[in-house]
1. If you take the residues of the stretch 237-266 that are out of contact with any strand residue (DSSP E or B) (no Cβ under 8 Å at 6 or more places or on another chain) and assigned to a loop (DSSP other than H, G, I, E, B), which of them is farthest from residue 161 (Cα to Cα)?
2. For the stretch 297-311, give me the residue count where each residue is crowded, with 24+ Cβ neighbours inside 10 Å and farther than 15 Å from residue 9 by Cα.
3. With respect to residue 243, is the statement that it is without any contact (Cβ under 8 Å) to a residue 60 or more places away in the chain and on the phi > 0 side of the Ramachandran plot true?
4. Can you name the residue in the stretch 31-67 that is part of a loop (DSSP other than H, G, I, E, B) and modelled with pLDDT of 75 or more and is also surrounded by the fewest Cβ atoms within 10 Å (Cβ to Cβ) among such residues?
5. Quick one: in the stretch 129-153, of everything that is within 21 Å of the chain's Cα centre (by Cα), farther than 20 Å from residue 315 by Cα and touching a residue at least 24 places away in the same chain (Cβ under 8 Å), which residue is surrounded by the most Cβ atoms within 10 Å (Cβ to Cβ)?
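The values are calculated or read from the model by the stated rules, or taken from the named source; none is laboratory data. Everything quoted here is computed from the prediction, not taken from an experiment. Positions of Cβ are generated from backbone atoms using ideal geometry, with glycine treated the same way; all protein chains shown enter the neighbour counts.
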């Protein structure tokens, strides 16, 4: 007789693994679907993983509670964020508490933390080894609740009748790792350029490191041209775009690229199923909130299941609607912010350029409003 499961999580990425740990803590029997576990399937070589996530304080607290927070140098606290417009506009965000030298992993105050994806995945995998309630399987199994965490390209959404609505941005994001001849000092930098292009340099390698994670959102044609360049020519093009603020930059990895869109599932839940993370929604990376939203999904769904009435089943649609209502509002708000900013900077007219840079300068001087927005992005809602 096969082992009975309470929940089957389809997808073993960061959101899926986090949800599995949260549900195991509630003594639920969880099947975590990872096709890589299929016997007889040779492991394929993986390209270099250049991804880095910006995680806020809520995400950090969640992962720490699961003993899955990476250690330095795989996590880098951001003490300052510098943002430039395309005609003199500028914003500066500074953490309220300076980073002490004795705190390389940034346990104190920070605007955000830049976390290397492989290290985070490894920490989650190690935490799962100590959870007998979680069993990794090669294919979906029968359970009271199926949770889809397969990402934007999920093959399971259509199985449950969840349609996927996409607003393409006609842009690609290019990601890479860089080395600078200067230490980054925990400073993240972002440039909003003409026609909606956004360039972000995120500090990695620990607080005293000199490595950077690049996320460069550009038009399709520009992306294709950049991807054809030699490493030296790509570094030169990048230097021309961001100047010398972060020092002299050199490409230190392969390039990765993917198309950008504002996407969402029209339904997140139904009888016996729910969507979470990128399988439910995707926003522009300019605010660095994608994984924060996904981890908040995992925490929100686990909370709804934990607080359910004793007589409700795990897959009851009325119960799952509570999760959908709670999370859709936050995701819609973040989607509106990122979509609005992308659209504002995509306007090439000089009048729009003057307006948005005037707005940036005014916001920089706004005091309480600026602090409120900063704390909202940090996930520090208790202090709002």
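1. 244
2. The number of residues fulfilling the criteria is 0.
3. Yes; evaluated as a whole, the condition is true for this residue.
4. Looking at residues that are part of a loop (DSSP other than H, G, I, E, B) and modelled with pLDDT of 75 or more, I get 67.
5. 152
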